[in-house]
Ligand SMILES: [Zn+2]
C-alpha cells in the first residue's frame, strides 16, 4: 500500500517523513502498540508516538486503550484507518481535477499576450486598451487601429500575441495523468 504514489504523497502532506513510513507499515498489518513499533522499526519511541498522534489527528489511525491487569498500565493498540485514507485521497484528487479543469477552461477561453521585455503574461481582459480621449471626434480618429497596439502596463512595451496551444496540451496531459494515477489507486485499494 505504501508503494502507491498517491498514498505516499498524502502521508507527506500531513507531515510524515520518508523514514517514518515504516511506522505506518507496522500499523497496516495489524494493531500494534507504540513500544512494539519502536522495537520493530528501530525508531525512537518518542518519534513513533509523534507519528501516531499525527496520524490520529488526521483521522488516519485509531487506537484501542486497554489496561494491563498485572501492571495497571494502559496500552494502546493502534490501527491504520484505510477507508479514511481512501476518502481523503479521493477528495484530494477531485480538488486537483477541478483546479486543472478551471485552468484549462481559462486557457481555452482567453487570448493571451506577453511582454517581450519583462516576460509578463496578460489575458485579453486584463489589458487596458489605449486610453481614449473624450475630447472629440478628431482625437478619436487619431487613435486609429494601427496605433491601437496593446502596451504592457508595466513598461509600455508593445505586447505580443501568445499562442497557448502548448499550455493547453500540457494541462490536458496533466489531467489524463492525474485520472490514470487515481484509477490505478482505486483498482488496488
Ligand atoms: Zn513589460
For n ≥ 4 DSSP H runs only, could you compute -39500 (n - 2.57) per run for the chain, divide by its residues and tell me the 222 nm figure to the nearest 500? -16500 deg cm²/dmol
Over the chain, with a Gaussian network built from C-alpha contacts below 10 Å, which listed residue (15, 59, 156) shows the highest mean-square fluctuation? 156
Distance between the C-alpha centers of segment 11-31 and segment 51-109? Whole Å please. 11
Given that compact globular proteins tend to follow 2.2 N^0.38 Å, what is the ratio of the alpha-carbon Rg of the chain to that value? 1.75
Per-residue counts of other Cβ atoms within 10 Å, averaged by peptide: what ranking do you get for 76-89, 157-170, highest first? 76-89, 157-170
The chain: relative contact order from alpha carbon pairs under 8 Å, six or more residues apart, as a whole percent, is 18
Residue 71-residue 5 FRET efficiency (beta carbon distance; Förster radius 41 Å; 0.05 resolution): 0.45
For segment 1-40, treating each Cα as an identical point scatterer without solvent, what Debye log10 I(q)/I(0) comes out at q = 0.16, 0.21, 0.24, 0.34 1/Å? -0.40, -0.66, -0.81, -1.15
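Readers should treat all values here as calculations from the given coordinates under stated rules, not as data from a laboratory. Predicted model only: the values in this text are computed from it and were never measured. Cβ: placed from backbone, ideal geometry, glycine included. Neighbour counts: every protein chain shown.
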